[in-house]
Each structure stands twice: as C-alpha cells, then as structure tokens.
1. Cβ-Cβ under 9 Å, sequence separation 6+ or interchain: first residue in region 31-60 and loosely packed, with under 12 Cβ neighbours inside 10 Å, partner part of a helix (DSSP H, G or I). Which pairs?
2. Restrict the check to region 47-68 and report whether at least one residue is at pLDDT below 85, under 31 Å from the mean Cα position of the chain (by Cα), part of a helix (DSSP H, G or I) and among the aliphatic types (A, V, I, L, M).
Amino acid sequence: MISAISNLAPAQLAAQAAPAPQTSSQATPQPSADTVQISNSAKALLQETLETTVQTAQEARGGDIQAMHLLAKESAAKAAK
C-alpha cells in the first residue's frame with residue numbers, strides 16, 4: 001500500500017508538483033533518430049576492420065607500425081591453429 005508524505009507543508013507539495021518553466025527562448029536542436037555521430041577513433045577502427053589483408057601488408061611495408069602489429073598478430077593466430 002502506498003502512503004502519502006505527511007511531513008511536508010502544503011507549499012512544498014505544490015512546489016514539487018509544478019514543473020519548472022522553460023526560460024530559454026531558443027529550442028535546442030534534438031538529433032534526429034536516424035543520424036549517428038561517430039568519433040574519429042571509432043572511424044579509424046572501422047576503417048582498419050574493413051581493410052583487406054593486402055592493404056594491411058602494403059601499409060606495413062610502408063612503415064605503418066599498427067599494420068605491422070596486426071600482421072604479426074594474424075600470423076601468430078595462424079601458427080596457433
């Protein structure tokens with residue numbers, strides 16, 4: 001059973017029940033439900049995920065440290081199988 005709060009003064013109850021008025025004259029734009037914001041690091045991760053093995057090998061030969069690590073990780077995984 002739900003009981004009412006009896007230790008609050010009537011003015012406090014009215015203040016709690018009334019919603020605060022909006023003082024801003026401009027409405028803040030709400031993002032659309034079908035738009036997505038992707039951070040730069042997430043974009044880079046997505047690009048690396050979609051990259052082919054050939055592209056990774058080319059980047060590794062060009063001196064890309066991250067590509068070198070990825071190739072080493074892939075060859076270690078193949079050797080473990």
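1. Cβ pairs passing all conditions: ILE38/LEU46; THR53/LEU71; THR53/GLU74.
2. No: zero hits.
The values are calculated or read from the model by the stated rules, or taken from the named source; none is laboratory data. If you're wondering where the values come from, they're calculated on a predicted model, not measured in any experiment. Glycine gets a Cβ as well: all are built from the backbone with ideal geometry, and neighbour counts include every protein chain shown.
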